[in-house]
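Written out below as structure tokens is the structure these notes cover.
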Amino acid sequence: MRHAIYPGSFDPVTNGHLAIVDRGLRLFDRLIVAVARNSAKRPLFTVEERLEILRGTLKERPRVEIDAFEGLLVDYCKHRGTHTVLRGLRAVSDFEYEFQMANMNRKLDPSFDSVFLMTGEEHFYISSQFVREVAMFGGDVSCLVPSTVQERLRHKYGQGKAK
Ligand code: ADP
């Protein structure tokens, strides 16, 4: 069984993340989508909200598990019995951070490895941060996120009730 962890903030999950999950499922038998609890960023959604959104969005993918982790990614990987992490790469700007992180993690655990999937042309401009900003000002994010996320964003920004 090949399995990998797809870690991130997922604040909130976007169509870009979902495309990486679906492509990851072609490479791995199981994927653990893991929300980092100790991200330095100030989140819009709480970890519990993000987990709930991810569970709802990915419920039709039985080979995907949703989890959260705290502390070092390499420790979480060991705890989950895998050494492989899946990450998405958008632009050059992602590369430097990902390159540093992959190497730092390998320094901490030499058996650790990262698999990078290059984003598709329809998702390269999508980031959770831009989704939050566009939604905050009432912009249309329907082609960037699943409809449940769109609803949650509207609710968060007081633009209507979530179903
Ligand atoms: P982090 O806070 O760790 O950057 P994110 O939730 O922003 O976490 O993203 C998790 C992973 O998904 C990262 O590897 C990121 O590069 C990737 N990712 C995010 N958005 C996209 C996208 N539109 N296309 C491809 N990969 C993406």
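Filtering Arg2, Arg61 for residues that are in contact with a Leu (Cβ under 9 Å, 6 or more places away or on another chain) and within 20 Å of Val149 (Cα to Cα) leaves a single hit, Arg61.
Using the structure shown, decide if Val21 is on the phi < 0 side of the Ramachandran plot, in a strand (DSSP E or B) and modelled with pLDDT of 95 or more. Spelling it out, it is not the case that Val21 is on the phi < 0 side of the Ramachandran plot, in a strand (DSSP E or B) and modelled with pLDDT of 95 or more. Can you pull out the residues in region 73-105 that are closer than 11 Å to Pro7 by Cβ and among the basic types (Lys, Arg)? Residues satisfying the conditions are Arg80, Arg87. For Arg55, the criteria (1) closer than 25 Å to Ala135 by Cα; (2) within 12 Å of the ligand (Cβ to nearest atom) hold in every case but one, which is (2). For Thr119, work out the one condition from (1) more than 13 Å from the ligand (Cβ to nearest atom); (2) more than 19 Å from Thr46 (Cα to Cα) it doesn't fulfil. The one condition Thr119 does not meet is (1). Of everything in region 84-133, what is touching a residue at least 40 places away in the same chain (Cβ under 8 Å) and either in contact with a Pro (Cβ under 9 Å, 6 or more places away or on another chain) or open to solvent by less than 30 Å² (accessible area, probe 1.4 Å) (or both)? Give them in sequence order. Answer for region 84-133, where residues must be touching a residue at least 40 places away in the same chain (Cβ under 8 Å) and either in contact with a Pro (Cβ under 9 Å, 6 or more places away or on another chain) or open to solvent by less than 30 Å² (accessible area, probe 1.4 Å) (or both): Val85, Leu86, Arg87, Gly88, Leu117, Gly120, Ile126, Ser127, Ser128, Val131, Arg132. Checked against the criterion of being open to solvent by 20 Å² or more (accessible area, probe 1.4 Å) and farther than 23 Å from Arg152 by Cα, region 56-63 has at least one qualifying residue. Looking only at region 66-100, which residues are outside any helix (DSSP H, G or I) and more than 16 Å from the ligand (Cβ to nearest atom)? Scanning region 66-100 gives Arg80, Gly81, Thr82, His83.
If the condition is being more than 22 Å from Ala40 (Cα to Cα) and in a strand (DSSP E or B), then region 2-18 contributes His3, Ala4. When region 19-39 is filtered for residues that are within 9 Å of the ligand (Cβ to nearest atom) and not hydroxyl-bearing (Ser, Thr, Tyr), the ones remaining, listed by number, are Ala19, Ile20, Val35, Ala36. Taken over region 48-72, the criterion of being under 14 Å from Pro7 (Cα atoms) and within 12 Å of the chain's Cα centre (by Cα) is satisfied by Arg50, Leu51, Leu54, Ile66, Asp67, Ala68.
Cβ separations smaller than 8 Å between residues 6+ apart or across chains give the following pairs from region 56-78 residues that are over 29 Å from Asp109 (Cα atoms) to residues that are open to solvent by less than 30 Å² (accessible area, probe 1.4 Å) and part of a loop (DSSP other than H, G, I, E, B): Thr57/Val13; Thr57/Pro146. Ile66 meets the conditions (1) open to solvent by 20 Å² or more (accessible area, probe 1.4 Å); (2) out of contact with any helix residue (DSSP H, G or I) (no Cβ under 6 Å at 6 or more places or on another chain) in every case but one. The failed one is (2).
The values are calculated or read from the model by the stated rules, or taken from the named source; none is laboratory data. Just so it is clear, the model here is predicted, and its values are computed rather than measured. Every residue, glycine among them, receives a Cβ derived from its backbone with ideal geometry; neighbour counts consider all protein chains shown. Each accessible area value is taken on the protein alone, full model and side chains, heavy atoms only, with ligands, DNA and RNA left out. Shrake-Rupley method; radii C 1.70, N 1.55, O 1.52, S 1.80 Å.
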